[in-house]
Each structure stands twice: as C-alpha cells, then as structure tokens.
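The structure under discussion appears below in the form of structure tokens.
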Amino acid sequence: MESRLEQAAALGQKDKGPAFISLIVEIISRQDQSTVAQDLQTLVGFVVNQESVGLVVGRQVLSELVRILGDGTIPDPEVRKRVVQETIDHTQPKIVSYEEQVSNLRFQLADIYELEEEWSDAARVLMGIQLDSNQRSLPDGEKMRVYVRIVRLLLEEEDSVQAESYFNRAQLLVHSTTDKETLLQFKLCQARISDYSRKFLEAASRYHELSFVADIDEEERRHMLMAAVTAAVLAPAGPNRSRVLASLYRDERTTELPTYNILSKMFLDHILRPAEIKEFEGTLKPHQLAKIAISSNDRVATSTIDEEIGNPSDPPMSTRTAPATVLDRAVMEHNLLASSKIYHNITFRGLGALLDLTPGAAENMARKMIEQGRLRGTIDQVDKLIWFEGNHEEDDAQGKAGGLGEVEEAEDTGAPFTKRWDAQIRITAANVESIVQHLTERGLIRVPVQA
C-alpha cells in the first residue's frame with residue numbers, strides 16, 4: 001500500500017487526485033472487507049500529512065471519500081462506522097484546512113450513532129461541529145437545525161440541563177427558518193424541556209397544542225395528548241391548572257387514553273385514592289418521579305405545629321412530614337383542593353389523615369396554597385381549623401345565567417352557613433328558571449294564560 005501511495009504522490013499535480021481516488025474505489029471494491037478500514041486510514045493519513053500531496057489534492061480526495069461513505073458503498077455498518085470515526089481522528093488536527101469535510105463526516109457519524117440509539121454519542125459528535133468559524137459560514141437556518149437536533153438527542157438521554165443551553169441558542173435563531181419540520185421539532189423540544197424543568201402547566205399547554213397539528217403522525221399526536229394529560233395532572237393545583245384540565249377534559253380524544261380516569265377525577269374535583277395513584281404512577285417517566293426535598297423553614301414550621309397539636313390520648317397520626325415526589329405533591333394538593341369543595345372546615349389532624357401527612361405538614365401545605373392564591377380559605381391556629389371559602393364569583397355567574405338578572409344579596413348575618421344556604425337556594429332557583437325557559441322555547445311545555 002505504501003509503495004502505491006508513493007507512486008501516486010510522485011505524479012503530476014493534475015493526476016494525483018484521480019490516482020488517489022481510484023485507489024479508494026479499489027480498496028472499497030475488494031471482496032475481502034477485513035482490511036478495508038486499515039488501508040483507507042493509511043491512505044487518509046498519507047494524503048493529510050504528506051506535504052508532497054498538497055492541500056488542494058487533499059481536499060479533493062477527502063471530499064470524494066466523504067461522498068462514497070455517504071452513499072453507503074461500504075455494506076458493513078461496523079466497517080463504515082470505523083472508517084468515518086478514524087477519518088475524523090486523522091483530520092481533526094488539521095481542522096482549519098479540512099473543516100467542510102470533517103463537518104460532513106460528523107453528520108454521517110451522528111446518523112450512525114442515532115440509528116444505534118446511542119443518543120449521547122450522537123449529540124457529542126454534533127457538538128464538535130464548528131458552526132461559527134471564519135473558514136466556513138453556515139446560514140442561520142442550518143445552525144438552528146443542528147441545535148434542535150442536539151437538543152432532541154440530549155433529551156432522549158434525559159440530559160435536560162445541557163439540552164436547555166442548546167435550546168436557548170436555537171431560540172435566538174427561530175425566526176431565521178420557515179422549514180416546517182424544524183419548527184415542529186423546536187416546539188416539541190420546548191414542551192419537553194418545560195416538562196423536564198417541572199413547568200408542567202406550560203408543558204401541558206404546549207403538548208396539547210402540538211396534538212392538533214395535522215402534519216404530525218396520528219400515533220405521535222396521541223402520544224403528545226397523553227403527555228399533555230400527564231403534565232396537567234402533575235401541575236400545581238389551582239385555577240390555572242383547572243383551566244388546562246377543562247380544556248383536556250372537553251377534548252373528545254382523551255376518553256380513549258388510559259389516563260382518562262385520573263383526568264376526569266381531577267377535573268371534577270374528586271378525591272384520588274391510593275390504587276388510582278399507583279396505576280397512574282406506572283405511566284410516568286423517571287424525571288416525573290423525581291424526589292423533592294423539604295426546605296429547612298418548612299421542616300421547622302412543621303415540627304413546631306406538630307408539637308403544639310400532639311396529644312398522647314389522640315389516635316396515632318401519619319409520620320410523613322412532606323410529599324416525597326412530584327406526583328405525591330400534585331396528588332396531595334389536588335386532594336386538599338377537592339376537600340375544600342366538600343367541607344366547610346377541617347381540623348389540622350383531619351386534613352393530615354386525608355393527605356397522609358402530619359397535622360403540621362398538612363397545615364403548612366394549606367398555608368402555602370392560600371398564600372399563592374391557589375386555595376381560598378383562612379387558617380384558625382387557635383382552634384386548629386382551616387376554613388374554606390366558596391367561589392362567590394362562580395355562584396354569581398351561575399345565578400345571572402339562569403335568566404333572573406341581578407339577584408339581590410341577602411342580608412349579611414355574619415353566619416357562613418346561612419350565606420351558603422342562601423346561595424344554594426339562589427342557584428337552584430336560577431337553574432329551574434333556565435330549564436323552564438329552555439323547554440318553553442322548544443315548545444315542550446305551555447305556560448297557561450290566565451283569563
């Protein structure tokens with residue numbers, strides 16, 4: 001092999017390139033493929049390192065080798081992978097002279113790794129491409145395509161931290177492309193990063209939006225719809241999550257999902273049982289089962305309240321001082337919100353028994369939700385009670401929708417039970433009035449006319 005390389009290098013400048021290229025074709029065409037990789041690397045090393053070959057000829061030969069490798073002329077995938085990897089290693093020290101050829105080889109190697117589902121290796125190879133060099137300028141649209149591909153590969157490996165840094169680079173270039181496939185992949189990466197960052201409300205909205213895109217395969221859209229439901233269930237309980245749950249619940253496609261049961265119970269504010277939670281837990285990904293740590297302030301507050309509540313004569317209570325996972329927290333907050341629809345008030349100990357927490361931890365969770373505007377109520381620390389407030393805005397809206405117009409407010413007696421009773425009577429009368437009007441318009445009943 002060395003003698004033939006020397007003979008080719010001794011030819012005139014115009015004949016060197018075709019001589020080396022014909023040698024490449026001859027090596028690849030051998031029936032015995034065992035020495036192909038070794039001989040090709042000997043050739044590449046000679047062309048790149050020998051000054052007698054010249055830079056122009058070297059680029060010509062390497063470009064032809066890149067083209068042949070890209071065409072799949074080498075049938076054995078392992079041999080092709082080895083040739084591409086070793087060619088990159090040989091030419092990397094002279095990247096300034098062979099930047100375009102090395103970049104094309106890196107794209108090929110990334111394709112090979114991706115087919116083998118070696119996501120991190122594929123991402124690492126693409127990271128080595130110099131997109132902002134002085135020797136070779138790429139359009140912004142091409143740069144964004146590479147960044148989005150790196151993000152997608154890193155997310156497959158669940159490396160959300162590094163994926164977010166490359167996503168931020170892609171976000172700066174998002175207006176530079178009109179390619180539908182790239183933009184869809186960008187939006188999907190955006191939803192997945194929100195998911196990994198535990199911004200579940202944002203992730204649910206983005207997944208749900210993508211599930212309506214007709215350009216996406218039907219099975220993929222179903223997968224995105226299921227991801228939207230999962231993210232919505234894991235989101236912090238409150239008005240914002242209720243709106244997202246309502247949007248998903250009204251989507252007829254969700255009735256076919258295995259997670260529809262928990263979606264409907266959360267939307268209807270039903271308390272979730274351990275068996276239902278266990279079943280849903282089996283559908284979650286590892287990052288959605290991540291452990292959460294309790295802060296030192298919460299630990300102090302919880303222990304202080306528990307000492308005040310503790311009474312030797314009382315039955316044993318739960319020893320859990322905080323939710324352990326993201327799912328635990330989402331379910332506990334939901335059950336707390338659901339209990340506010342059922343009870344007028346509840347003791348710290350009773351709420352702790354409902355949530356499987358110590359009374360102090362249950363009170364701490366309720367306090368946080370009230371502070372953040374996700375739960376309407378007050379805490380009476382003297383009597384160890386949590387008083388829940390009804391949604392008066394919703395009551396008023398329902399009363400006006402029935403056709404009764406402005407309903408006069410009842411006299412404030414200062415008694416919460418009297419207020420609630422009056423509100424229920426007002427709503428019931430409004431609903432009856434609405435039903436009568438609806439039936440009358442359809443001619444199903446006749447209102448007798450007095451003579």
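Summary table
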{"item": "Test: residue in the stretch 276-295 that is at pLDDT below 90 and in contact with a Phe, Trp or Tyr (Cβ under 6 Å, 6 or more places away or on another chain)", "result": "yes"}
{"item": "Qualifying residue in the stretch 276-287 (condition: of a type in the set (A, V, I, L, M, F, W, C), within 18 Å of E158 (Cα to Cα) and open to solvent by 10 Å² or more (accessible area, probe 1.4 Å))", "result": "yes"}
{"item": "Residue in the stretch 120-134 that is open to solvent by 70 Å² or more (accessible area, probe 1.4 Å), assigned to a loop (DSSP other than H, G, I, E, B) and either out of contact with any His (no Cβ under 6 Å at 6 or more places or on another chain) or closer than 15 Å to Q190 by Cα (or both) present", "result": "yes"}
{"item": "Matching residues, the stretch 185-230, being farther than 14 Å from L257 by Cα and among the aliphatic types (A, V, I, L, M)", "result": "L188, A191, I193, L201, A203, A204, L210, V213, A214, I216"}
{"item": "Residue match in the stretch 252-268 (condition: acidic (D, E) and in a loop (DSSP other than H, G, I, E, B))", "result": "no"}
{"item": "Among the candidates L248, L257, L201, residue that is surrounded by fewer than 22 Cβ atoms within 10 Å (Cβ to Cβ), of a type in the set (A, V, I, L, M, F, W, C) and closer than 30 Å to A366 by Cβ", "result": "L201"}
{"item": "Residues of the stretch 119-141 satisfying the condition of being of a type in the set (S, T, N, Q) and farther than 26 Å from T178 by Cβ", "result": "S120, N134, Q135"}
{"item": "Selection from the stretch 137-157 of residues that are of a type outside the set (D, E, K, R) and in a helix (DSSP H, G or I)", "result": "G141, M144, V146, Y147, V148, I150, V151, L153, L154, L155"}
{"item": "Members of the stretch 165-204 found to be in contact (Cβ under 8 Å) with a residue 40 or more places away in the chain and aliphatic (A, V, I, L, M), listed by number", "result": "I193, L201, A204"}
{"item": "Which listed residue is at pLDDT 90 or above and open to solvent by 80 Å² or more (accessible area, probe 1.4 Å), from L115, L105, L109", "result": "L115"}
{"item": "Options L43, L55, L65: the member that is of a type in the set (A, V, I, L, M) and loosely packed, with under 13 Cβ neighbours inside 10 Å", "result": "L55"}
{"item": "Residue within the stretch 22-33 that is among the polar types (S, T, N, Q), open to solvent by less than 30 Å² (accessible area, probe 1.4 Å), out of contact with any strand residue (DSSP E or B) (no Cβ under 6 Å at 6 or more places or on another chain) and modelled with pLDDT of 85 or more present", "result": "no"}
{"item": "Residue tally, condition of a type in the set (D, E, K, R) and touching a residue at least 24 places away in the same chain (Cβ under 8 Å), over the stretch 257-284", "result": "2"}
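The values are calculated or read from the model by the stated rules, or taken from the named source; none is laboratory data. Only a predicted model underlies this, so the values are computations on that prediction, with no experimental measurement involved. When we count neighbours, we look across all protein chains shown, and the Cβ atoms used for this are built from the backbone with ideal geometry, even at glycine. Only protein heavy atoms, including side chains, enter the accessible area calculation; ligands, DNA and RNA are left aside. Shrake-Rupley method; radii C 1.70, N 1.55, O 1.52, S 1.80 Å.
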